[in-house]
Amino acid sequence: MYVAVKGGERAIENAHRLLAHERRGDRDVPELSLPQISEQLTLGVDRVMTEGSLYDRELAALAIKQARGDMIEAIFLVRAFRATLPRFGATEPVDTGAMQVRRRISSTFKDIPGGQILGPTFDYTHRLLDPQLADGFLPETPATGEASSAATPRVTDILGRDGLIEPSPASDADTPVGDLTREPLSFPADRDLRLQNLARADEGFLLALGYSSQRGYGRNHPFAGEIRFGEVEVGFFAEDAGFAVPLGSIELTECQMVNQFKGSATEAPCFTRGYGLAFGQSERKTMSMALVDRTLRARELGEEVKAPAQDEEFVMSHSDNVQATGFVEHLKLPHYVDFQSELGLLRKLRKEFAEAAEAPSEMKEAAE
Amino acid sequence: MIASVEHNEGMQAQRKAAMAVLAHSDAAAIEQCLEAVALPAHENLRQPENGLVMVRGRIGGDGAPFNLGEATVSRAAVRLSTGEVGFGYTLGRNSRKAQMIALCDAMVQSSEFAATVEAKVLAPLRATVAATRSRKAAETAATRVDFYTMVRGEG
């Protein structure tokens, strides 16, 4: 039970004023601009867009600045902003096969059409702090190579041609695409809803679940079939124009996990798959997402559900960091009346306990 | 009849190509190009407005669609005094950009302005977009792993 407590207004107002002061920090230090955040804290912006479930670099940068770099607070701000705008509709599904690839690697085949393209990556860095970056470092301009006009087909498409991997579930025009921002979750949930939930899920939560599945809590023996990052065109069927209009492009990361095969008396064995997709360059996120997408398919693939990562209700009900932080942090709100009643009950119990502790000796004496 | 359907399809492809170039361009760059054009009289058919679209992906990249997350979008519609109606849609929250795209879309459909908008606006913007794209492609290509070169180097 919560009660309205009067008298805090002034303290709250001054606390917010102090917050704004602390956010600004030392006023002799130049203020951060939104382009600085957007251009130089790129991956942080990508995470806020992905988990805030809103592709808008400028808004995500503003949210990070306002939240003093607290990512979950920033994600919360972005989610709240979403509610202020009308939704025009849904885009045409993006074609990641036609991505203008900035990075594309496969751990299953050395020689893939289009090649292994490392792009801007932390991989193979030595993870040593670089003192050069502390002050005014200007990096070299990037090396250039001869761009190939060869297509970069998805590795899963190549495997699929020989039937070595299960096909993706076919689209069905009669089945509406599930949207958890419009209808409350119910279980069991279909894969479209699960992927939407995982796409906006907390990266740390998915990382831990994916990791647990690799360590034996749930069946997962994957290969990273392919990870790709780059720009993808977005089209939207505009009713007024009467055709699908181009909206521009967004950056996406896609991960295709190739998992242990299944087969049956009637079906030849083939690899199964897990899928991850996120805004921006979000590699750890999409890899974790693909692992958890696969573990959550346990029911569909007839596997025993015994680990947390396989339990869709557990995963989907606890993956959203805005919901999670709301419930955890609500404990900070005044619970004075609740606590008073607990305190009263505890005092009563302790009094009864003390009386009982004295009483038995008397009773014992009386019995003897 | 068939000729007219073909004409419509051709026009639609042309409009889409123009919209794509404009959507990929900076608002400031479009504005600058438009300064070189004597703009036709026009009115807003739809006041520019910001909103959201739900971006969809496909399960496994090529399967059934799912909702990935939303993106901000700006849209507008204009009508030239000669009747052509243009639509502007773009990612982001720049309603001025949406309005300029709508105006260009209307001009693309006008026999009087199509050539001008192509020469003064679309062509230079297309060149900029292509240059950015090929610069990125060249930078990316330099990070392609060439296993064969390594083997030759050892021999």
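The values are calculated or read from the model by the stated rules, or taken from the named source; none is laboratory data. Bear in mind the structure is a predicted one, so any value in this text is a computation, not a measurement. In this analysis, Cβ positions are derived from the backbone assuming ideal geometry, glycine residues included, and neighbour counts consider all displayed protein chains.
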Look at the range B:64-74 and say how many of its residues are facing chain A (nearest Cβ under 7 Å) and either touching a Pro at 6+ places or on another chain (Cβ under 8 Å) or at pLDDT below 95 (or both).
-> 2
All but one of (1) modelled with pLDDT of 90 or more; (2) closer than 27 Å to A:Val245 by Cβ; (3) assigned to a loop (DSSP other than H, G, I, E, B) hold for A:Gly97, so report the exception by its number.
-> (3)
How about the range B:32-64: which of its residues are assigned to a strand (DSSP E or B) and surrounded by 19 or more Cβ atoms within 10 Å (Cβ to Cβ)?
-> B:His42, B:Pro48, B:Leu52, B:Val53, B:Met54, B:Val55, B:Arg56, B:Gly57, B:Arg58
Here is a list of conditions, (1) in contact (Cβ under 8 Å) with a residue 60 or more places away in the chain; (2) more than 7 Å from chain B (Cβ to nearest Cβ); (3) part of a loop (DSSP other than H, G, I, E, B), and A:Gly69 meets all of them except one; can you say which number that is?
-> (1)
Within the range A:128-146, identify whether any single residue is in a loop (DSSP other than H, G, I, E, B), under 30 Å from the mean Cα position of the chain (by Cα) and hydrophobic (A, V, I, L, M, F, W, C), and answer yes or no.
-> yes
Out of the range A:146-168, which residues are surrounded by fewer than 16 Cβ atoms within 10 Å (Cβ to Cβ), facing chain B (nearest Cβ under 7 Å) and either touching a His at 6+ places or on another chain (Cβ under 9 Å) or not acidic (Asp, Glu) (or both)?
-> A:Ser148
Which residues, counting only those in the range B:78-95, are touching a Phe, Trp or Tyr at 6+ places or on another chain (Cβ under 9 Å), surrounded by 23 or more Cβ atoms within 10 Å (Cβ to Cβ) and either of a type outside the set (A, V, I, L, M) or at the interface with chain A (Cβ under 7 Å from one of its Cβ atoms) (or both)?
-> B:Tyr89, B:Leu91
When only residues in the range A:98-121 that are aliphatic (A, V, I, L, M) and more than 8 Å from chain B (Cβ to nearest Cβ) count, which is surrounded by the fewest Cβ atoms within 10 Å (Cβ to Cβ)?
-> A:Ala98
When the range A:13-55 is examined, which residues are found to be over 16 Å from the mean Cα position of the chain (by Cα) and either within 11 Å of another protein chain (Cβ to nearest Cβ) or among the basic types (Lys, Arg) (or both)?
-> A:Arg17, A:Arg23, A:Arg24, A:Arg27
Being small (Gly, Ala, Ser) and at the interface with chain B (Cβ under 9 Å from one of its Cβ atoms) is the filter; apply it to the range A:225-260 and report the residue that is surrounded by the fewest Cβ atoms within 10 Å (Cβ to Cβ).
-> A:Gly242
